[in-house]
């Protein structure tokens, strides 16, 4: 009977025919029937009313839990973007301050390269532990710890530099260990807070935040150095990071509350206290990860991308200073525009990738391949042009405006990685996304740090000529492009 009433309700709704009131008995029928029949009709109507109410209660839609408001989710994601901006700002600061630091302490180009690589060494050492901890514990707590460590190390940089080069290298390495927690944990948080159809757009926003942090360093640091001295910028921006850490400690979370029960088996756990799952390193499928073609595709693309970006982050102001004789302020301004293009490119890449999937019905795998191909092919072409112009091919002479334009194209295109390998770990796994990203980053940081140090050594050997480095970047970018398109697949492989 109950099933019949449910079907009756559904049929009436489909036909847009209004149902009579509950317990309704036609007046003509009740008036003309004998008294005993009228009594039977009334009892039947009352019973029908009770059954209909019970059936309606059974099919009443379930409302989402009221305790989690949308603003809480937005707050966490905005904080993630703010942390990303501070992370990039603190990381890039040394590339600007190194110019007055080198004058004060008489650093050679090799020493500058070693200082840049010191951060990368610590970053490399911290990536895999950070990924494991974020996958098996609380991403929120791991990110908080990393933020405190790198901010404190940033504040301590002037004291270390005044002490000795080894002390400065050690401080930079500690800072790298702290910053290693940032992107893997942000991967884990994004995998839980952002729906797949908006994943590329959010990661584009986050990558744009990283570019904004770089831009802020190039805009704010030169005048502060000129007025207050280079030690001040490390102390001020390190303090800003500690302030953000307080906000994250209060407002940060591992996963939205309404998803805790549904993603518990994927490792989210319970809100603020749980993170990557109730298992530890023993439950990680190491052999499967090591043999996964998508993981190796991410590794290759990440290595190629880092080789170019670490070169740009560490040496771009120095390049403009050496090549065109610019001051610290002017060299920083020249280096600013490429990273502004990177911020715009990240947002455009994220939106474009989602549009390819939702509007043009691309497979997510193909959309990722398109974005990453732009991210690797663009810098390869721009660096090839710089290489030819620097060498005087065709009797042409490289001008500052041309160099700036080519770096704008290179960094703007490279930002497409936000919708390429940048989201790849979230595509192939939820629980292990931070570990996968952290693991591939180990190789990528080694590649980037090698490029940083090799650039300094090369400049000392060839009279500060960047042309061979541009040629090497072209080869590395093309190798990553081939590997990515051969091996990548966005299908979920791990839980």
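Just how far, in whole angstrom, is the range 466-493 from the range 336-371 if you go by their alpha carbon centroids?
17
I'd like the distance between the alpha-carbon centres of the range 204-225 and the range 138-190, rounded to an integer number of Å.
With the range 204-225 and the range 138-190 each reduced to a Cα centre, they are spaced 18 Å.
Work out, step by step, the length gained on full extension between residue 159 and residue 288: first 0.36 nm times the residue separation, then minus their alpha carbon distance; give nm to one decimal.
Numbers: separation 129, 0.36 × 129 = 46.44 nm, distance 4.54 nm.
Contour length minus the Cα-Cα distance gives 41.9 nm.
Quote the FRET efficiency, to the nearest 0.05, computed for residue 478 versus residue 219 with a Förster distance R0 of 30 Å and r equal to the Cβ-Cβ distance.
Values: r = 33 Å, r/R0 = 1.11.
Once the sixth-power term is evaluated, E becomes 0.35.
Given points 7 Å out from each Cα along the Cα-Cβ axis, report the residue 400 to residue 247 separation in nanometres with one decimal.
3.5
When the label point is put 7 Å from the Cα of residue 330 along its Cα-to-beta-carbon vector, which residues of the range 93-111 have a backbone N closer than 19 Å?
Residues 96-101, 103 qualify, since their backbone N sits under 19 Å from the label point.
Based on the Cβ-Cβ distance of residue 391 and residue 358, what FRET efficiency does E = 1/(1 + (r/R0)^6) give at R0 = 41 Å, to the nearest 0.05? Mind showing how you got there, number by number?
Values: r = 45 Å, r/R0 = 1.09.
After rounding to 0.05, the efficiency reads 0.35.
Residue separation times 0.36 nm, minus the C-alpha to C-alpha distance between residue 105 and residue 492: what's the value?
Working: separation 387, 0.36 × 387 = 139.32 nm, distance 5.16 nm.
Length difference between fully extended and current span is 134.2 nm.
I need the shape label for the range 72-487. Rule: rounded when a/c is under 1.5, else prolate if a/b > b/c, else oblate, with a, b, c from the alpha carbon gyration tensor.
Details: a/c = 1.81, a/b = 1.30, b/c = 1.40.
Here the range 72-487 falls in the oblate category.
Just so you know, all these numbers are worked out from the coordinates, no wet-lab data involved. Remember, predicted model here, so these are calculated numbers, not experimental data. Backbone-built Cβ (ideal geometry, glycine too); neighbour counts: all protein chains shown.
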